Amino acid sequence: MASSLQPLPSGFGLLPPPGGALFSAGRTRARQEVRVRYHIWTAGCQMNKADSDKLAAGLERLGLEEAARPEEADLVVLNTCSVRQHAEERAISKLGVLKKLKSRRDLKIAVMGCMVGPRTDDLRRRFPYVDVFTRPQEFDPILEAIGIDGEDLGDEFWPRTFAVPSGPTAYVPVVHGCDKFCSYCIVPYRRGRQRSRLIAEVKEEVEHLAARGVREVTLLGQTVEAYGHDLPAGQAGLPDRPDLGDLLRALHEIDGLYRLRFLTSYPRDMTERILRAVAELPKVCQHFSLPVQSGDDGVLERMRRGYTVAEYRQKLDLLRRLMPEAAVSTDVIVGFCGETEPEFRRTYDLLAELRFDKVHVAAYSPRPGTIAWRRMPDDVPREVKMERLRAVEKLQARIADEINSALQGRIVEVLIEEAKGGKLGGPACRTGGPARPPPKADPPPAELAGRTRSGKLVHFHTAHPEPVEGAHLGDLVHVVIESTSPWSLQGRLASAAKPRNAVDHPVPDRSASVAAL
Ligand code: SF4
């Protein structure tokens with residue numbers, strides 16, 4: 001993680017922190033010359049990753065230094081996830097390793113994130129050597145563990161601490177928490193009720209990122225189209241309460257930003273007004289993550305999803321009518337409490353009919369504290385869940401293969417996110433910056449990777465007759481697709497692409513030879 005670009009507040013930086021509690025006497029490093037080193041381990045979703053990046057930026061702003069490994073750190077933060085059993089088990093196994101480390105030397109251990117909540121007392125009993133348990137985005141208790149009083153930093157410290165980008169793409173949370181209380185989900189209990197950030201605050205963060213070379217920003221929310229539902233009217237000169245469309249319009253103006261995305265969508269919150277904003281704004285990628293979870297109304301009701309299959313279908317129809325080339329992915333849970341074979345079959349048939357670009361499928365596992373855990377037996381045998389999971393995976397591999405193979409021979413727009421050596425390698429492998437002159441020798445083709453506007457991963461090479469100027473990390477290029485698989489596309493660089501903006505690309509041209517994908 002890179003260091004923050006905001007200035008350090010006075011009074012922080014070198015160790016020891018106030019109270020000098022972190023290090024014991026006799027430590028070999030001179031106390032005044034040593035910085036606290038932190039290490040953050042992150043599990044789970046992009047929201048957790050964004051929280052970790054923000055915490056890292058805050059710690060660095062306070063003068064701490066990142067350690068690559070927990071063994072080299074004075075403070076280790078585990079940012080945990082409890083959406084899946086496996087994620088919890090990984091965090092618990094990390095705690096075992098940290099316990100041994102702590103028995104040998106001074107170490108502060110903090111557990112943050114979705115594992116912390118109503119069961120914290122239980123966690124404290126099981127892991128007494130952990131110094132701090134703190135909920136998602138509650139960073140101050142971690143500072144207190146290293147002797148810094150969060151109140152001394154002022155109210156503006158965390159809102160104006162922005163993660164420093166590590167590449168040309170970045171995630172920006174815009175709505176925290178969730179008000180939906182789906183029966184299987186732990187998120188509302190751990191992340192709390194919905195809280196939207198103000199348009200001005202989000203805009204300041206995205207401008208900060210764009211000025212540092214970020215070209216694509218993904219706005220995050222558990223139900224991102226609920227953005228603004230909890231905000232007052234009158235922001236950014238708007239007469240009404242803002243919605244996601246207003247936020248997208250405000251961010252669309254930012255210079256240097258090429259693409260905007262958002263996730264995760266929730267069918268009931270997805271309005272025609274928001275969809276029209278996406279269709280009209282050239283920088284906004286027509287790429288949706290719209291979880292359906294089940295194709296059976298009875299299961300949806302038990303899940304408390306708040307919509308029927310017919311209502312989901314109507315939203316998807318509207319979306320595809322307004323944006324015929326939109327890419328849509330979905331999430332499905334198989335083996336939810338009481339799911340019968342015919343109920344599963346309806347999910348399977350719906351997926352076959354709606355043909356999503358991607359399906360994230362999970363076998364249900366009860367999460368302690370949820371409504372389903374309290375009230376519904378987890379009665380679908382594990383082998384049956386796995387059988388259904390494999391059936392969905394097999395179906396989706398075929399559909400994704402068909403969708404992707406239709407792109408063979410087409411030209412797609414790609415934002416370069418990774419580059420390895422070759423013609424465009426070396427110093428070109430950086431974020432943004434001016435075009436470089438072509439290299440003199442004829443080195444081997446560079447291997448590059450990036451994503452299309454539809455979020456498809458593209459691996460490509462530079463076997464172009466002439467090196468393409470300006471093809472650096474964070475640049476937009478056109479790539480000819482030469483082969484495909486269900487999971488990615490492969491091709492060769494064709495030419496540099498012009499960033500879209502409101503002036504010279506009023507509406508993406510669906511008939512052009514360059515695919516809008
Ligand atoms: Fe969880 Fe449902 Fe909220 Fe998604 S919408 S975060 S599944 S409660």
Task: Segment ALA233-MET386, length gained on full extension (0.36 nm per residue, minus Cα span) - done: 50.3 nm
Open item on the list: If I model a spin label as a point 7 Å beyond the Cα along the Cα-Cβ vector, how far apart are those points for LEU101 and ARG374 in nm?
Closed with: 3.7 nm
- [ ] Return LEU407, LEU290 ranked ascending by Cβ neighbour count within 10 Å, so the fewest neighbours appear first.
- [x] LEU407, LEU290
Task: Label-point separation in nm, LYS394 to GLU272, each point 7 Å along Cα→Cβ - done: 4.2 nm
Open item on the list: If I stretch the segment between ARG84 and ARG321 completely, what's the gain in nm (0.36 nm per residue apart, minus their alpha carbon distance), one decimal?
Closed with: 81.8 nm
Open item on the list: Going Cα to Cα from LYS498, which lysines come in below 25 Å? Please leave out same-chain ones fewer than 8 positions away.
Closed with: LYS203, LYS283, LYS420, LYS423, LYS456
Open item on the list: I need to check one value: relative contact order of segment 165-309, counting alpha carbon pairs closer than 8 Å and at least 6 residues apart, in percent.
Closed with: 24 percent
Task: aspartates and glutamates whose Cα lies under 15 Å from that of LYS102, excluding same-chain neighbours fewer than 8 positions away - done: GLU71, GLU72, ASP74, ASP131
- [ ] Check cross-link reach from LYS394 to the aspartates and glutamates: straight Cα distance under 16 Å, and skip same-chain residues fewer than eight apart.
- [x] ASP331, ASP349, GLU353, ASP357, GLU402
Open item on the list: Shape verdict for segment 132-266, please, from the Cα gyration tensor: rounded (a/c under 1.5), prolate (a/b greater than b/c) or oblate.
Closed with: oblate
TODO: Just need log10 I(q)/I(0) for segment 184-226 at q = 0.15 Å⁻¹, Debye formula, equal scatterers on the alpha-carbon atoms, no solvent, rounded to two decimals.
DONE: -0.51
- [ ] Compute the distance in nm between two label points, each set 7 Å from the Cα along the Cα-to-Cβ direction, one at ASP155 and one at SER405.
- [x] 6.0 nm
Open item on the list: Taking the number of other C-beta atoms within 10 Å as the exposure measure, put CYS178, CYS337 in order starting with the fewest.
Closed with: CYS337, CYS178
TODO: Just rank LYS99, LYS283, LYS394, LYS54, fewest to most, by other beta-carbon atoms within 10 angstrom.
DONE: LYS394, LYS99, LYS54, LYS283
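Computed from the coordinates by the stated procedures, all read-outs in this text should not be read as laboratory data. Keep in mind it's a predicted model, so treat the numbers as computed, not measured. Note that we place each Cβ from the backbone using ideal geometry, even for glycine, and neighbour counts take in every protein chain shown.
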